[in-house]
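First the structure, in the form of structure tokens, and then the observations on it.
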Amino acid sequence: MPAIEQSEVVQLLRQLIAIPSVNPGHTDDAAIANEIRLAEFLGTHLAGKGFELAWDRASEERGSVIATYGPANPSKTIVLEAHTDTVGVKGMAIPPFEPTVENGRVHGRGSCDTKGPMAAALCALSKERIERLAAAGVQIQFVGAFGEEKGNIGADRLVDQGLGADMALILEPTELSIVYAHKGALWVELTLSGELAHSSNPASGLNAINAMAELLAWLQEQIVADQAKHRDSTLGPPTLNAGRIEGGVAINIVPHQCTVEIDRRIVPGEEPEDFLRPLESRLEAMKHEGRIRAYTLKIIKAGMPFITQPDAPLVQQLQAALRATGHEPKLTTAAWFSDAGPFAQTCKEVVVFGPGSIAQAHTKDEFIEVEELMAGQRVIEHWLDTLAAATG
Ligand SMILES: [Zn+2]
């Protein structure tokens, strides 16, 4: 095995992959579900370097670890955050939790999203480096947050508890690009209720599928209007996607219920209420006019967008770190959503950054390039070193 494949970061990543931490929303298999095992491993690893641990436990099986190092009255605070959960493993073409290193790649579930970026950051946090940072007045918090792959619930809880910092590096596979903005996401589940009847006499019932078709057409008109109103110069327009629909009983029955799941992406300047309030009044009107009997509107997720200005010190420092380690810095925005959304509420500057490609995330043969993994570690090391030098 070539030397780089035995490097510290590869060995650590293999340990992380070998601890199943599938988001329970992505599996029915209790043996691989939940994040607490990985959080405990992270806690032990960081405590070994002198970090002090705090926990946010949502249940026996789920929770986040918050590891802190540095002065109690810091002149600067930074958060390094990685989500501990992965997506499910159904249909994977490789053993998900038995990491293999082959042809310069580490394979396994989470290798890229986001245990690879997590390992790169953990290795960058060497004992000597964190001592230097502490001496310079920098307090570091390493956060392993649960529940990112379905609703950012771990990050939301921490932000609600006030966890924040001057700078936050959200570790995700960005191919070492600096992601300084992404849209917010509002996910809703909407059920319309009508009335069952035999289809030989549709007028005796109330067809919930027809009502939903009407509502979806109205939503399309709304998004076109919203796109004209809210186009963001960095992130583009808001979007709407009806991603799942379910309804009806049989071909010869007037359907009494229809459910749809909608993903509405939010740009800065919009609030979830800007979408929800008109929708609710439309639904009330449909009820009033007798086109539905009732409705339920459930919010699955409401995540805010984030933008850090490209001239912010964090962005500038990361660009310098990339250049110093031989990479042409790339600044970009993302169509996907991450824990940066919640953390932007409590952290002054936030970027999403890490080795690995989002194209390999969630795939059946997920992997990360060892070269890129190590490059990610070097960039983070360089950034932390400039931070220590600049702050002290
Ligand atoms: Zn991720």
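The values are calculated or read from the model by the stated rules, or taken from the named source; none is laboratory data. The structure presented is a predicted model; accordingly, all values stated were derived computationally and were not measured. Neighbour counts are summed over all protein chains in view; Cβ atoms, including those assigned to glycine, are modelled from backbone coordinates with ideal geometry. When the accessible area is computed, the model is the full protein with side chains, heavy atoms only, and any ligands, DNA or RNA have been set aside. Shrake-Rupley method; radii C 1.70, N 1.55, O 1.52, S 1.80 Å.
Within 15 Å of the ligand (Cβ to nearest atom) and charged (D, E, K, R): which single residue out of E214, E175 fits that description? Residue meeting the stated conditions: E175. Is there a residue being out of contact with any Pro (no Cβ under 6 Å at 6 or more places or on another chain), buried (at least 23 other Cβ atoms within 10 Å of the Cβ) and either aliphatic (A, V, I, L, M) or not assigned by TED's automatic domain parsing to the domain that holds I380 (or both) anywhere in the range 84-99? Checking the range 84-99: not a single residue is out of contact with any Pro (no Cβ under 6 Å at 6 or more places or on another chain), buried (at least 23 other Cβ atoms within 10 Å of the Cβ) and either aliphatic (A, V, I, L, M) or not assigned by TED's automatic domain parsing to the domain that holds I380 (or both). Taken over the range 1-33, residues that are among the hydroxyl-bearing types (S, T, Y) and either outside the structural domain of E102 (by TED's automatic domain parsing) or surrounded by fewer than 21 Cβ atoms within 10 Å (Cβ to Cβ) (or both) amount to 2.
Of all residues in the range 170-193, those that are open to solvent by less than 10 Å² (accessible area, probe 1.4 Å), closer than 25 Å to V260 by Cα and either at pLDDT 95 or above or small (G, A, S) (or both) total 5. For K76, indicate whether it is more than 16 Å from Q360 (Cβ to Cβ) and either at pLDDT 95 or above or open to solvent by 30 Å² or more (accessible area, probe 1.4 Å) (or both). Yes; evaluated as a whole, the condition is true for this residue.
Taking the range 34-64 as the range and being in contact with a helix residue (DSSP H, G or I) (Cβ under 6 Å, 6 or more places away or on another chain), open to solvent by 50 Å² or more (accessible area, probe 1.4 Å) and within 24 Å of A134 (Cβ to Cβ) as the test, only L53 passes. Those residues that are under 30 Å from the mean Cα position of the chain (by Cα) and either surrounded by fewer than 16 Cβ atoms within 10 Å (Cβ to Cβ) or of a type in the set (K, R) (or both), I need them from the range 286-311; list them, please. Matches in the range 286-311: T296, L297, K298, I299, I300, K301, Q309, P310, D311. Listed by first and then second residue, the pairs with beta-carbon distance under 7 Å, at least 6 apart or on different chains, first residue in the range 112-131 and farther than 18 Å from F41 by Cβ, second at pLDDT below 95 and within 16 Å of the ligand (Cβ to nearest atom), are C112/S357; C112/Q360; C112/A361.
For beta carbons closer than 6 Å, sequence separation of 6+ or different chains, a first residue in the range 296-319 that is assigned by TED's automatic domain parsing to the domain that holds L384 and a second that is β-branched (V, I, T) and open to solvent by 10 Å² or more (accessible area, probe 1.4 Å), the qualifying pairs are Q317/T386.
Scanning the range 322-343 for residues that are modelled with pLDDT of 95 or more and aliphatic (A, V, I, L, M) gives L322, A324, L331, A340.
Conditions tested, residue by residue: (1) outside any strand (DSSP E or B); (2) within 16 Å of the ligand (Cβ to nearest atom); (3) crowded, with 24+ Cβ neighbours inside 10 Å.
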position: S111; (1), (2), (3): yes, yes, yes
position: P117; (1), (2), (3): yes, yes, yes
position: C123; (1), (2), (3): yes, no, no
position: E128; (1), (2), (3): yes, no, no
position: E131; (1), (2), (3): yes, no, no
position: A134; (1), (2), (3): yes, no, no
position: Q139; (1), (2), (3): no, no, no
position: G144; (1), (2), (3): no, yes, yes
position: E148; (1), (2), (3): yes, yes, yes
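Of all residues assigned to the range 272-284, at least one qualifies as being of a type in the set (F, W, Y) and closer than 24 Å to G341 by Cα.
Here is a yes/no grid of residues against (1) more than 30 Å from V370 (Cα to Cα); (2) open to solvent by less than 50 Å² (accessible area, probe 1.4 Å); (3) more than 27 Å from the chain's Cα centre (by Cα); (4) away from the ligand (no atom under 16 Å from the Cβ):
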{"position": "G154", "(1), (2), (3), (4)": "no, yes, no, no"}
{"position": "M167", "(1), (2), (3), (4)": "no, yes, no, yes"}
{"position": "S199", "(1), (2), (3), (4)": "yes, yes, yes, yes"}
{"position": "E246", "(1), (2), (3), (4)": "yes, no, no, yes"}
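Filtered by the rule that a residue be surrounded by fewer than 23 Cβ atoms within 10 Å (Cβ to Cβ) and either within 16 Å of the ligand (Cβ to nearest atom) or hydroxyl-bearing (S, T, Y) (or both), the range 100-109 gives a lone residue, T100. Count of the range 63-98 residues, restricted to those that are in contact with a Ser or Thr (Cβ under 9 Å, 6 or more places away or on another chain), within 16 Å of the ligand (Cβ to nearest atom), in a strand (DSSP E or B) and not hydrophobic (A, V, I, L, M, F, W, C), is 3.
If you go through the range 230-253 one residue at a time, do you hit one that is in a helix (DSSP H, G or I) and at pLDDT below 95? Checked against the condition, which is being in a helix (DSSP H, G or I) and at pLDDT below 95, the range 230-253 yields at least one hit.
Number of residues in the range 40-62 that are closer than 20 Å to K127 by Cα and not in a strand (DSSP E or B): the value is 12.
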